Amino acid sequence: MLHIPSRCVRCPPATALSRKELWRGREVALRLKNAPAVLSVAVLLVTCGQLSANERALVGQFTIDRTEVTIGQFTGFAEATGLMTAAEPWVADTSGARDGSGVLDGTYRTPFGEAPQSTSEPAVHVSWHEAAAYCAWAGGRLPTIEEWVQAAYRETRPDPSAGFIAGRQYAYPVGDTPIGANTRGDDPWPRHAAAGTTQVGVNGLYDMGGNVWEWLADRDGQAALTAGGSWWYGAEEMVSSAMQWKPVDFYVVYIGFRCVYDHGRADKS
């Protein structure tokens, strides 16, 4: 039976966590620059650049991005639609500081307040609304809790890569143990990692556990589910029962997303 967390919005305490640097975003309203107040999915799909097949994986009746949406991908969307994310107006307020309440100049373009090492890093400081708008533009949508759990923990490939067994349910998105995921533990990544650089997991997907939390489609009023844990959290947050509700207008350095698609097939190798 699928476990759905109780409706309790959880935000982490402002305490030091191992060697990982701690940063936090804050909630503000969604703003759009030079764009209609309501994004038309039909219009946005016209400008969408299609992903190649090997960037998605077939899981059951849907395909899913192999990696979290990257800075480069989200930048293309923002430039095509004129989107100004909720995080961007705040960076002009230089009274802020890296004191646990926020990242000065932290946006999807500058996740830690400065240019990223790679635009293949996950797009963070993105609200639920902004993530959903990107997925619609890309021809998809945010995954439901049922889809995310199936993709993250149950190996559906008939001939999976080494280390995985077809039809098996795993405790973690990287296998029977959390080893290889980017969490706050002893691993090679001090912050989030670029797409495709961590250990590949169930169904050939990357970072369904650790790296950054991911927005799901499921909502309860003004809150939405996030799943998978992140580099700021321990491995215990990678299990399916540890999903967290967050405000839909919340954005922070440790939450990103990926999309699912109802049509087409993908290379499952």
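Read the figures in this text as sums done on the coordinates, not as results from a lab. Just so you know, these numbers come straight off a predicted model, no measurement behind them. Neighbour counts run over all protein chains shown; Cβ positions are idealised from the backbone, glycine included.
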Residue span residue 166 to residue 146: 0.36 nm per residue of separation minus Cα-Cα distance leaves a gain in nm of 5.3 nm
Under Karplus coefficients 6.51, -1.76 and 1.60, residue-wise ³J(HN,Hα) of region 180-192 in Hz, glycine/proline x: x, 8, 8, 10, 7, x, 7, 9, x, 10, x, 9, 6
Report ³J(HN,Hα) in whole Hz for each residue of region 242-255, in order, from the Karplus equation J = 6.51 cos²θ - 1.76 cosθ + 1.60 where θ = phi - 60°; Gly and Pro get x. 9, 4, 10, 7, 9, x, 5, 9, 7, 9, 6, 6, 10, 10
Hydrodynamic calc, region 132-243: Kirkwood Rh from Cα pairs, then Stokes-Einstein at 10 °C with viscosity 1.306 mPa s, so D in µm² s⁻¹ is 111 µm²/s
Measure off 7 Å from each Cα along the Cα-to-Cβ vector at residue 118 and residue 154, then give the distance between these two points in nanometres to one decimal. 3.2 nm
Over region 101-179, with a single point scatterer placed on each C-alpha, what log10 of the ratio I(q)/I(0) does the Debye formula yield at q = 0.23 1/Å? -1.01
Interchain or sequence-distant (5+) residues whose placed amide H lies within less than 5 Å of the amide H of residue 218 are 145, 225
Cα-derived Rg to Rh of region 134-183, Kirkwood definition: 1.06
